[in-house]
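A quick write-up on the structure given underneath.
Readers should treat all values here as calculations from the given coordinates under stated rules, not as data from a laboratory. Small disclaimer: the values here were computed from a predicted structure and weren't measured. Positions of Cβ are backbone-derived with ideal geometry, glycine not excepted, and every protein chain shown enters the neighbour counts.
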Amino acid sequence: MDMNDDARLKKNSGASTRSDRSDADANRTGMDGTALTAEERRMALRKNWVQEVLPTPPPMKGYHVCWLSTTNTTDPIYRRVERGYQPVKASEIPGFGGQYSSKDSQYEGCISCNEMLLFKIPLETYNDLMTIYHHDIPIEQEGAIYDRLQTSETDSNGRKLGFIEGDYDVFGKRKAPQTPTFI
């Protein structure tokens with residue numbers, strides 16, 4: 001037997017049996033041009049969407065802390081101070097505050113990052129504010145909408161105007177008295 005006749009030893013030209021390399025890359029690449037699965041892409045997008053530019057301060061017992069902007073004209077710092085917010089001094093959070101200590105004369109010694117300042121508010125006051133702004137006021141606004149809908153007029157079939165079928169009759173009525181806790 002001649003060795004040249006053995007099919008196992010014959011060199012195969014790759015072009016006839018394999019597709020082009022660019023086809024393999026195209027099959028591996030998704031519709032969006034990446035080689036990520038849909039789940040991997042969603043996780044990457046989720047991570048990219050979260051903006052963690054400001055450092056996360058350690059919790060302060062008995063206080064809610066938040067970053068406030070010195071340049072925000074719709075929610076200026078003086079209004080927050082009127083509500084009970086206080087700037088956090090660098091000395092109040094050892095190991096954290098030193099690297100973010102403000103050099104600005106108005107807030108010297110306070111914790112800052114760019115134009116943001118770290119403020120604290122006692123938890124009791126914070127819960128009161130959250131209850132007022134995110135519980136009581138929305139219920140009052142809901143009640144005002146409900147009151148505007150109420151009328152004694154009826155349509156041609158005798159049905160009351162402004163009536164909405166369903167469980168909408170509870171709108172504008174204060175829920176069972178319980179104080180929500182936001183922290």
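Can you tell me how much longer the chain between GLU140 and GLN86 gets when fully stretched, taken as 0.36 nm per residue apart minus their C-alpha distance, in nm with one decimal?
Additional length available on full extension: 16.5 nm.
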Compute the signed sum of charges (Lys and Arg +1, Asp and Glu -1) over the other residues within less than 15 Å, Cβ to Cβ, of LYS103.
-> -2
In segment 48-115, which GluC sites (Glu not before Pro) are in a loop and have at most 14 other Cβ atoms within 10 Å, using DSSP for the loop call?
-> GLU52, GLU108, GLU115
Per-peptide average of other Cβ atoms within 10 Å, ordering 118-126, 133-141 highest first | 118-126, 133-141
